[in-house]
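> Got a structure for you, questions after.
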Amino acid sequence: MISVIVPVYNEADNVVALYEQAVVVLQRLEQPWELIFINDGSTDGRQERLEELAARDQCVKVIKFCRNFGQTAAMMAGVDYAEGHIIIPMDGAGGHPALAGQAGAGV
């Protein structure tokens, strides 16, 4: 299994686009995967969007922090929660350079 971990903080506008790009790439790999979002205490409505994604896609998991603990703590929570033997860290604001290049190309 591949686990993609994405700490996010007050970037509500990016979540759906990042999810859609990630799914395109991950489905092409023909391996089981999970996409773990760690909400690092966001106050911008992000939690609702993350819960909507998790409700419609069983591969999406959400960890919610009660306050902002920082990117390192969020990343470690994702690593601890991940079930995959391959872990790919991503940045919630900009995604991952490889993801941007692969979303429109064949993998």
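The values are calculated or read from the model by the stated rules, or taken from the named source; none is laboratory data. None of these values were measured; they are calculated from a predicted model. Cβ coordinates were reconstructed from backbone atoms using ideal geometry, including for glycine residues, and neighbour counts include every protein chain displayed. These area figures cover heavy atoms from the full protein model, side chains too; ligands, DNA and RNA do not enter into them. Shrake-Rupley method; radii C 1.70, N 1.55, O 1.52, S 1.80 Å.
> Looking only at the stretch 41-57, decide whether some residue is among the hydroxyl-bearing types (S, T, Y) and in contact with a helix residue (DSSP H, G or I) (Cβ under 9 Å, 6 or more places away or on another chain).
yes
> Name the residue that is most open to solvent (accessible area, probe 1.4 Å), counting only residues in the stretch 42-73 that are within 15 Å of S3 (Cα to Cα) and among the charged types (D, E, K, R).
If we take residues in the stretch 42-73 being within 15 Å of S3 (Cα to Cα) and among the charged types (D, E, K, R), then K61 is most open to solvent (accessible area, probe 1.4 Å).
Yes/no matrix, rows are residues, columns are (1) out of contact with any strand residue (DSSP E or B) (no Cβ under 7 Å at 6 or more places or on another chain); (2) open to solvent by 60 Å² or more (accessible area, probe 1.4 Å); (3) without any contact (Cβ under 8 Å) to a residue 12 or more places away in the chain; (4) closer than 23 Å to M1 by Cα:
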residue	(1), (2), (3), (4)
V16	yes, no, no, yes
E20	yes, yes, yes, yes
M75	no, no, no, yes
Y81	no, yes, no, yes
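> Hey, another quick one. Can you tell me which residues in the stretch 30-41 are under 15 Å from I86 (Cβ atoms) and open to solvent by less than 60 Å² (accessible area, probe 1.4 Å)?
W33, E34, L35, I36
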